[in-house]
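Everything on this sheet refers to the single structure shown next.
The values are calculated or read from the model by the stated rules, or taken from the named source; none is laboratory data. All values derive from a computational prediction rather than experimental measurement. Cβ placement follows ideal geometry from the backbone for every residue including glycine, while neighbour counts extend to all protein chains displayed. The protein model used for the area step is the full one, side chains on, heavy atoms only, and it has no ligands, DNA or RNA in it. Shrake-Rupley method; radii C 1.70, N 1.55, O 1.52, S 1.80 Å.
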Amino acid sequence: MEIKKVGVVGSGIMGTGIAQVCAQLGYSVIVSGRREEGVSKGLASIDSRLSSRIERGRLSQQDKDAIMANIKTTISIKDFADCDLVIETVNEDLELKKKVFIELDKVCPGHTILATNTSCLSVTDIAVATKRPEKVLGMHFHNPAPVMTVLELVRTIVTSDETIQISTEFVESLGKNVVVAPDVAGFIVTRLLTPFVLGAVRMLEDGIATRDEIDIACKGALNHPMGPLEVIDFIGLDTELSVDETLYEETKDPKYAPPALLRKMVATGWLGRKAGKGFYDYSSQGSP
């Protein structure tokens, strides 16, 4: 089967990033959201990112127009009825994701592959909510999707070889490197990254180093583009907390236990970039 039309459920940062990547490579893309305002905002964010590439001389206006023409929006899941692949990007809530997949299973034709962009939840639990578990897998793009070069395909014990092959060819067509990961909590990247970023939060919490000292040290010594506290702000503190709780529940390993400081910041509403404040204040300039 050849993938020609891609559906993306969710018009947030990940959803629009994935839609942009697919549209740039010539795929016909349809992006859904719960409300027209949200979908319009998501489409505007893609337009803004592409305009920035034009300003830097990395994209022509003609190419931008062609990319935007490849993207359609909807607030009805029924509009995914002619998609060959649908990628879900809703919040890290297992019951919510299962509900989306049940709806997609009813709407999409039998050949459609259904993928979840979850970073830590059980893909198996999502797959068995459908009548096509062999065509369900994890397709974990990393944020920001247009920039990051690797993608984890998460295979469950029922994902078919054909589904993996078709998905691998699709991901490679996007210019991404493919890593096939097992369906364990956190897969590969999140399982490795989480203890690192939580270690930074604990170091700050214990007064061992300041926010700036931690991030500057990691960027300079490890050659990371962002420090660990910047990374959490970028991910979203609430998302990070949800991931931590899932990993800890699955493994009972204390290195995944969320620090008290992270819980308090989430309770306060300091969720990172999207809220204007996290470990850094983004209210004026939008960056640390």
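A few points about this structure:
- Test for G278: is it at pLDDT 95 or above, more than 18 Å from S119 (Cα to Cα), in contact with a Phe, Trp or Tyr (Cβ under 7 Å, 6 or more places away or on another chain) and not basic (K, R): yes
- Once segment 46-94 is narrowed to residues that are basic (K, R) and in a helix (DSSP H, G or I), the residue that is farthest from S32 (Cα to Cα) is R53.
- Contact map, segment 70-86: residues that are touching a residue at least 24 places away in the same chain (Cβ under 8 Å) and of a type outside the set (A, V, I, L, M, F, W, C) paired with residues that are open to solvent by less than 50 Å² (accessible area, probe 1.4 Å) and part of a loop (DSSP other than H, G, I, E, B), Cβ distance under 7 Å, separation 6+ or inter-chain. Pairs shown: N70/Y27; D84/I3; D84/T112.
- Pairs where the first residue, in segment 142-157, is closer than 14 Å to C22 by Cα and the second is of a type in the set (K, R) and assigned to a loop (DSSP other than H, G, I, E, B), C-beta under 9 Å, 6+ apart: M148/K176; T149/K176; L151/K176
Table: residues versus (1) among the polar types (S, T, N, Q); (2) open to solvent by less than 10 Å² (accessible area, probe 1.4 Å); (3) out of contact with any Cys (no Cβ under 6 Å at 6 or more places or on another chain); (4) at pLDDT below 95.
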site: G17; (1), (2), (3), (4): no, yes, yes, no
site: S28; (1), (2), (3), (4): yes, no, yes, no
site: R58; (1), (2), (3), (4): no, no, yes, yes
site: D93; (1), (2), (3), (4): no, no, yes, yes
site: K106; (1), (2), (3), (4): no, no, yes, no
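- Helices (runs of 4 or more DSSP H) fully within segment 208-259 counting 3 or more residues that are in contact (Cβ under 8 Å) with a residue 40 or more places away in the chain: 228-235, 237-251
- If the condition is being within 26 Å of T168 (Cβ to Cβ) and either crowded, with 16+ Cβ neighbours inside 10 Å or modelled with pLDDT under 95 (or both), then segment 73-91 contributes F80, C83, D84, L85, V86, I87, E88, T89, V90.
- Summed over segment 157-198, the residues that are within 17 Å of E250 (Cα to Cα), hydrophobic (A, V, I, L, M, F, W, C) and open to solvent by 30 Å² or more (accessible area, probe 1.4 Å) give a count of 5.
- Any chance G186 is in contact with a helix residue (DSSP H, G or I) (Cβ under 8 Å, 6 or more places away or on another chain), under 27 Å from V123 (Cβ atoms) and touching a residue at least 12 places away in the same chain (Cβ under 8 Å): yes
- Single residue of segment 250-259 satisfying the filter (open to solvent by 50 Å² or more (accessible area, probe 1.4 Å) and at pLDDT 95 or above) that is nearest to the chain's Cα centre (by Cα): K255
- Within segment 20-28, not a single residue is in contact with a strand residue (DSSP E or B) (Cβ under 8 Å, 6 or more places away or on another chain) and under 26 Å from T246 (Cβ atoms).
- Of all residues in segment 200-228, those satisfying the criterion of being of a type in the set (G, A, S), surrounded by 13 or more Cβ atoms within 10 Å (Cβ to Cβ) and either under 26 Å from the mean Cα position of the chain (by Cα) or under 22 Å from M148 (Cβ atoms) (or both) are A200, G227.
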